[in-house]
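One structure below.
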Amino acid sequence: MSRFDTEFDFKDITYENIPGILNSGAELQKLIPSIQNDINTIVKESFPHELRKNIKLIRRITKGGNNDIYIYKSGDLTVVVRLSKYASFQIESFNHITVLGKNKNEKINNLKEAIQSKSNWERANSLGYTPMLYNYGYLENNGHFYNYIICEKMESDLSDYYETGPGKDSKSSGKLSITDHKIARQLVDLLYATTNNLGLICFDIKPANCMINYSDPNNIVVKLIDWDGDWCQDYSYITSKSDLKYFISILSVIVMAAHFYVFLDWNIFYTYFSEPDSYGNFVKDNKISLQNLFCDNLTDSQGNKSKFDFFQKHYFQIMDSDDNPATCEDAFNLTFTRAHYLNRATKRQANPQLVGVTRVGGRKKIKKSKKRKTNRKKTNRRKKNKKRKTKK
Ligand SMILES: Nc1ncnc2c1ncn2[C@@H]1O[C@H](COP(=O)(O)OP(=O)(O)O)[C@@H](O)[C@H]1O
Ligand SMILES: [Mg+2]
């Protein structure tokens, strides 16, 4: 370990230089330019001056797998604070900040992922694909650093919207509403923009990672969250150069459509695939290329296999008729077919004779890719919240 700073001063922060990764000390310094250890100060500074006096914590959401979500409000501004449950970095003696990881490779991967995450969130925010981002950084707690993101609170995620919110009415009507079409259109645009303008593939796309403001029917706004570098990966070496980017975007829409079909029984994208317009026909004509890309042919710039197959197995656990995991080809075919139907009832009506691969259920949470993680020590506020919750 060498010091990034040349002059040693007890008060100065120094950063780990990992051999084999260029400028890692400087990169680490960009992520943690100073040590912040008070979440209240960080939250306060995210609000404009005139609203800083009456900031209230109004709710905590524990639904996400890897992050705690806190909602703060002052005046008519409501923000979401998303704090990772797992540490990325630590501080050692003499204010020396290092990357967590059992060995050099783990450290390199963890640092690269943290750099990717920040870049993803900031670029997606600058193009308006995320809820407005107010602050991005790391909170120090007990010698460990936890990623935080402070952003605009939106009204709902699309999972809740369709399960318990206004989307339920549309589902019970049996027909896509104008709002459903608007939501689908915005999501398709966001997924294409993710590939075309950011060069990313985000594999963990699902309704819980799509946010909506819906109370003004004339101003339906949809955005994406969960831009972290673990599952939102850089494929710009492909998307900037080749026509494969169109196929990648189509795969993203197909995967999103399958999530809506399987978990909400309401696939708001089916008209894109089932209606014989140019888009539907293009997808149909290129089914084999899409399947190859989904199952085999796509690797990131380091040569690692893409995560499409991994994620469909993870969420959909598609089995064959003998209850063995289906081949990727069978799984792709089922995913592809599902994208063409509004819901199970319409698929059954269209194919009364259909037997074969089936879904046997899926897990909703994924583990972080990182193995060595340290759980954040509870602050007094978190302890208090817990007590409050158990009292109810
Ligand atoms: N900006 C936001 N506005 C409203 N709700 C949000 C916002 N960000 C996150 N949430 C809620 O918190 C949940 C988890 O957030 P997410 O960032 O996806 O964390 P995780 O990575 O742990 O899944 C979301 O599904 C959503 O319900
Ligand atoms: Mg999420």
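Each reported figure results from applying straightforward, stated rules to the coordinates on display, with no laboratory input. What you see is a predicted model; the values in this text were computed from it and never measured. Cβ sites come from the backbone with ideal geometry, for glycine too, and all protein chains shown count toward neighbours.
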Longest principal axis of the chain (C-alpha) makes with the long axis of helix 104-126 (C-alpha) an angle, in degrees to the nearest 10, of 70
Helix 328-339 versus the longest principal axis of the chain: what angle, 0 to 90°, nearest 10, using Cα atoms? 80
Alpha-carbon gyration tensor eigenvalues x 5, square-rooted, for segment 156-359, Å: 25, 22, 16
Ranked output for segments 98-109, 224-235 by mean other Cβ atoms within 10 Å, highest leading, reads 224-235, 98-109
Computed lengthening from ASP38 to ASN142, 0.36 nm per intervening residue step minus Cα-Cα distance: 36.3 nm
By how many degrees, 0 to 90 and rounded to 10, does the Cα axis of helix 178-196 deviate from the longest principal axis of the chain? 60
Mind pulling up the Rg/Rh value for segment 137-223? Radius of gyration and Kirkwood radius, both on Cα. 1.08
Looking at the chain, which Cys residues are left with no other cysteine's beta carbon under 4.7 Å from theirs? CYS151, CYS210
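Can you tell me the FRET efficiency between ASP285 and ARG123 if r is taken as the Cβ-Cβ distance and R0 is 22 Å, rounded to the nearest 0.05? Walk me through the numbers on the way to the answer.
Numbers: r = 33 Å, r/R0 = 1.49.
Working from the Cβ atoms, E equals 0.10.
Report, in deg cm²/dmol and to the nearest 500, the calculated mean residue ellipticity at 222 nm for the chain, where each DSSP H run with n ≥ 4 adds -39500 (n - 2.57) and the sum is divided by the residue count. Could you put the intermediate results ahead of the total?
Numbers: 15 runs with 150 residues, N = 392.
Rounded to the nearest 500, it is -11000 deg cm²/dmol.
Give the calculated FRET efficiency between HIS49 and SER215 to the nearest 0.05, with a Förster radius of 30 Å applied to their Cβ-Cβ distance.
Values: r = 28 Å, r/R0 = 0.93.
With a Förster radius of 30 Å, E is 0.60.
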Set Lys and Arg Cβ to +1 and Asp and Glu Cβ to -1, take the dipole of the chain about its Cα centre, and tell me which of LEU133, PHE294, CYS328 lies farthest positive. LEU133
At 7 Å along the Cα-to-beta-carbon direction for both HIS181 and SER236, put a label point, then send me their distance in nm to one decimal. 3.7
When the chain is reduced to its Cα atoms, the Kirkwood hydrodynamic radius in Å: 22.8
